[in-house]
1. Among residues belonging to segment 48-69 that are of a type outside the set (Asp, Glu) and surrounded by 22 or more Cβ atoms within 10 Å (Cβ to Cβ), point out the one that is farthest from the chain's Cα centre (by Cα).
2. Looking at segment 103-127, which of its residues are in a strand (DSSP E or B), among the small types (Gly, Ala, Ser) and either closer than 16 Å to residue 46 by Cα or without any contact (Cβ under 8 Å) to a residue 60 or more places away in the chain (or both)?
3. Restricting to segment 1-31, name every residue that is in a strand (DSSP E or B) and aliphatic (A, V, I, L, M).
4. What's the number of the condition residue 230 fails, among (1) crowded, with 16+ Cβ neighbours inside 10 Å; (2) modelled with pLDDT of 95 or more?
5. Hand me the list of strands (runs of 3 or more DSSP E) wholly inside segment 339-440 holding 1 or more residues that are within 33 Å of the chain's Cα centre (by Cα).
6. Considering 60, 64, 13, 79, which residue is within 25 Å of residue 271 (Cα to Cα) and in contact (Cβ under 8 Å) with a residue 24 or more places away in the chain?
7. Look at residue 351 and say whether it is touching a helix residue (DSSP H, G or I) at 6+ places or on another chain (Cβ under 9 Å), over 20 Å from residue 284 (Cα atoms) and surrounded by fewer than 19 Cβ atoms within 10 Å (Cβ to Cβ).
8. Return the only residue of 306, 332 being more than 21 Å from the chain's Cα centre (by Cα), assigned by TED's automatic domain parsing to the domain that holds residue 238 and either of a type in the set (S, T, N, Q) or farther than 30 Å from residue 185 by Cβ (or both).
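The values are calculated or read from the model by the stated rules, or taken from the named source; none is laboratory data. A quick note: this is a predicted structure, and the numbers were derived from the prediction, not measured. Counting neighbours? That spans all protein chains shown, and the Cβs are built from the backbone with ideal geometry, glycine included.
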Amino acid sequence: MADLTVTTTAIPGLLVLDLPLHGDARGWFKENWQRAKMIELGLPDFGPVQNNMSFNATAGSTRGLHAEPWDKLISLAHGRIFGAWVDLRPGENFGTSVTLDMGTDKAVFVPRGVANGYQALEPDTVYSYLVNDHWSPEARSSYTYLNLADETVAINWPIPLDQAEISAADQAHPRLADVTPMAPKRTVVVGASGQLGQALLRVFPEATPLRRPDFDVTDPATFGAVPWSQVGLIVNASAYTAVDAAETAEGRRDAWNVNVTGLGRLVEVARAHRIPLVHVSSDYVFDGTIESHTEDEPLSPLGVYGQTKAAGDALVATLPRHWIVRASWVIGDGNNFVRTMASLADRGVKPSVVGDQFGRLTFTSDLAAGIAHLVSSDAPAGTYNLTNSGPTMSWAGIAKRVFELRGRDAADVTEVTTAEYFAGKTMAPRPIHSTLGLEKLQNIGFIPPDADLRLVEYLSE
């Protein structure tokens, strides 16, 4: 009796499984689906949700070639078939084919976008399909088809097609030259209107932007408008970030509604559809008593905003496929600290700036590029600090550097304490030390540029 094996093929992701048959005079038994063993041998943990059965009464019954918008595992309960698979995904493997004479001791894992066709070689053939999405009439519009008789792929069907039983629909499918490849699952960027959202759309140019009011994490009804089964990645850049307003009664409710309750809905969508989720977090999840924070430091938020971000991190961490990206002092398009200081410098103002809070700037272009690297390199799930590199500076130190770059005297910036700056104002407690260690990020191959280099470039633009 052969061992259970999983073997690769010429089509990336198309796998052939040899299934041991345990038999005696009464018949046979097999483990048709054994998640733990099969995953250990290389089968993706594709999460089947539906089992379909089909039956061919006579030999020569032929169907295909259909590329479906989900993954599936096909096997036989009875009979023998000739199977053919053709890669209809975009890329260099488009049109690659694999064929197999298949009995009850075989199974084939078919990834999304690979067309499958089957020809029954024995009467009373029974097929079993495990699929990882629920079939619906709407899903039919996402199929991609190839003609069984395509001359380019040239499948050598054992029973000639002019002698086979084929549906009229299958006979009408297009030749390879006329096939539009099945588009990959889409990336969605939640919070696409913000500074980071705009930068993310530049590094994920094919992504679908989800913006308020059309999509709002605080409105459960808007979730139903997104075809989540066709989403392959969620990047969440949405957040309530009004740090001081979060300390008010209304702001506290709004912060929890967006950063925890709304994010929780996104997490559950990702869980239900097995979608990887990237979530952007903050240095405010720490109290700032440690000079440099590592990813495994226990959470210790001081104010409401930090508490909601910490709670959100805990929610995201329950997903098997997630990346929590912690940034600090974010600078991008729109209003921000650097632009404010540049404007003050240009107008001859001599500002007072806090000098007892320390950290590093994070430019959205590099934050987005680091996120893209995590995704493209399939980095291990978990939390990653992601800021620009370089020495730790205070807000006042950064302001002085901005003044220098605008041709002003750095001495025109007066350093004050946090207490002095916020005297008489409603303010949230802030971490004194916001520097995030970058070693884990660098170990997976992303070296963020120096913050001062980016500052010079930013101001020159």
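1. Taking segment 48-69 first, the residues of a type outside the set (Asp, Glu) are 48-67, 69.
Among the residues that remain, those that are also surrounded by 22 or more Cβ atoms within 10 Å (Cβ to Cβ) are: 56, 62, 64-65, 67.
Details: 56: 39, 62: 37, 64: 31, 65: 29, 67: 23 Å.
This residue is 56.
2. Across segment 103-127, the qualifying residues are 107, 115, 117.
3. In the first step, residues of segment 1-31 are kept if they are in a strand (DSSP E or B); the result is 5-8, 15-18, 22-24, 27-29.
Within segment 1-31, 6, 15, 16, 17 qualify.
4. Of (1) crowded, with 16+ Cβ neighbours inside 10 Å; (2) modelled with pLDDT of 95 or more, only one is false for residue 230: (2).
5. On the way: elements: 352-354, 382-385, 414-416.
Once the strands (runs of 3 or more DSSP E) in segment 339-440 are filtered for at least 1 residues that are within 33 Å of the chain's Cα centre (by Cα), what remains is 382-385.
6. Values: 60 fails: within 25 Å of residue 271 (Cα to Cα); 64 fails: within 25 Å of residue 271 (Cα to Cα); 79 fails: within 25 Å of residue 271 (Cα to Cα).
Exactly one of 60, 64, 13, 79 is within 25 Å of residue 271 (Cα to Cα) and in contact (Cβ under 8 Å) with a residue 24 or more places away in the chain, namely 13.
7. Working: touching a helix residue (DSSP H, G or I) at 6+ places or on another chain (Cβ under 9 Å): yes; over 20 Å from residue 284 (Cα atoms): yes; surrounded by fewer than 19 Cβ atoms within 10 Å (Cβ to Cβ): yes.
Criteria met by residue 351.
8. Numbers: 332 fails: either of a type in the set (S, T, N, Q) or farther than 30 Å from residue 185 by Cβ (or both).
Step by step, each of 306, 332 is checked, and only 306 is more than 21 Å from the chain's Cα centre (by Cα), assigned by TED's automatic domain parsing to the domain that holds residue 238 and either of a type in the set (S, T, N, Q) or farther than 30 Å from residue 185 by Cβ (or both).
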